[in-house]
Amino acid sequence: MVDLARELDDEDEGKAAAAAPKKKSSVMKILLIVFGVIVLLGGAVGGTLYLTGSHLLSAAASSGGDVKDKKGAKGKEETREALYFPIDPPFVVNFADQNQMRFLQITMDVMAYSPDAIDAVKKHLPVIRNNLVMLLSSQDAKTLFSLDGKQRLRQKCLEEIQKIIKEHTGKKGVEDVYFTSFVMQ
């Protein structure tokens with residue numbers, strides 16, 4: 001009987017010894033899986049930040065401020081962040097095209113680097129809209145069907161807006177004009 005008890009004790013010790021490595025290996029597997037998930041998530045976040053350009057923003061923040069561009073001979077630094085202002089509502093004008101009435105609808109945004117320029121556009125918007133309506137309604141349909149014609153019209157709109165802003169503020173202010181919608185009928 002004593003031999004039987006001793007055999008049972010030896011068997012229990014063998015099972016306990018076998019269970020300890022299994023328990024240890026399952027904890028190790030869990031740790032490896034958790035570590036792998038953390039590495040994958042870190043890679044995904046890092047890749048997303050890199051592809052969206054957010055790493056550029058953090059580089060600017062770590063350098064101690066905004067990304068700046070030197071402007072002018074006086075050494076004055078100016079922030080070169082583009083500001084956009086939609087000229088609402090869209091322009092709708094009619095014009096004649098060989099005995100046929102045509103309609104043109106254009107939605108446009110102006111771009112400037114200075115908040116003062118955007119404020120000047122807002123302040124003088126009635127004059128800008130008036131002059132642009134006159135300019136748009138004097139166009140030729142054949143010209144506007146081509147890409148080159150649309151580009152020339154966009155340039156004329158920019159020049160007209162810059163002329164108005166310069167008359168009132170002394171600076172051209174607006175850097176560009178974009179057609180965000182262009183419909184001819």
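Tell me the strands (runs of 3 or more DSSP E) entirely within region 8-125 that contain at least 2 residues that are modelled with pLDDT of 85 or more and β-branched (Val, Ile, Thr).
Strands (runs of 3 or more DSSP E) meeting the threshold: 83-96, 101-112.
Does Val127 satisfy the criteria of being touching a strand residue (DSSP E or B) at 6+ places or on another chain (Cβ under 6 Å) and over 30 Å from Gln100 (Cβ atoms)?
no
Give the residue that is nearest to Val93 (Cα to Cα), with candidates limited to residues of region 139-185 that are of a type in the set (A, V, I, L, M) and in contact with a helix residue (DSSP H, G or I) (Cβ under 8 Å, 6 or more places away or on another chain).
Among those residues, the one meeting the criterion is Met184.
For region 91-107: of the residues being in contact with a helix residue (DSSP H, G or I) (Cβ under 9 Å, 6 or more places away or on another chain) and in contact (Cβ under 8 Å) with a residue 60 or more places away in the chain, which is surrounded by the fewest Cβ atoms within 10 Å (Cβ to Cβ)?
Step by step, filter region 91-107, then rank; the result is Arg102.
Which members of region 153-185 meet the condition of being without any contact (Cβ under 8 Å) to a residue 60 or more places away in the chain and either of a type outside the set (D, E, K, R) or outside the structural domain of Asn131 (by TED's automatic domain parsing) (or both)?
Scanning region 153-185 gives Leu153, Gln155, Cys157, Leu158, Ile161, Gln162, Ile164, Ile165, His168, Thr169, Gly170.
Yes or no: Asp119 in contact with a Phe, Trp or Tyr (Cβ under 8 Å, 6 or more places away or on another chain), acidic (Asp, Glu) and under 26 Å from Leu83 (Cα atoms)?
no
The values are calculated or read from the model by the stated rules, or taken from the named source; none is laboratory data. Being a predicted model, the structure only gives us computed values, none of them experimental. Every residue, glycine among them, receives a Cβ derived from its backbone with ideal geometry; neighbour counts consider all protein chains shown.
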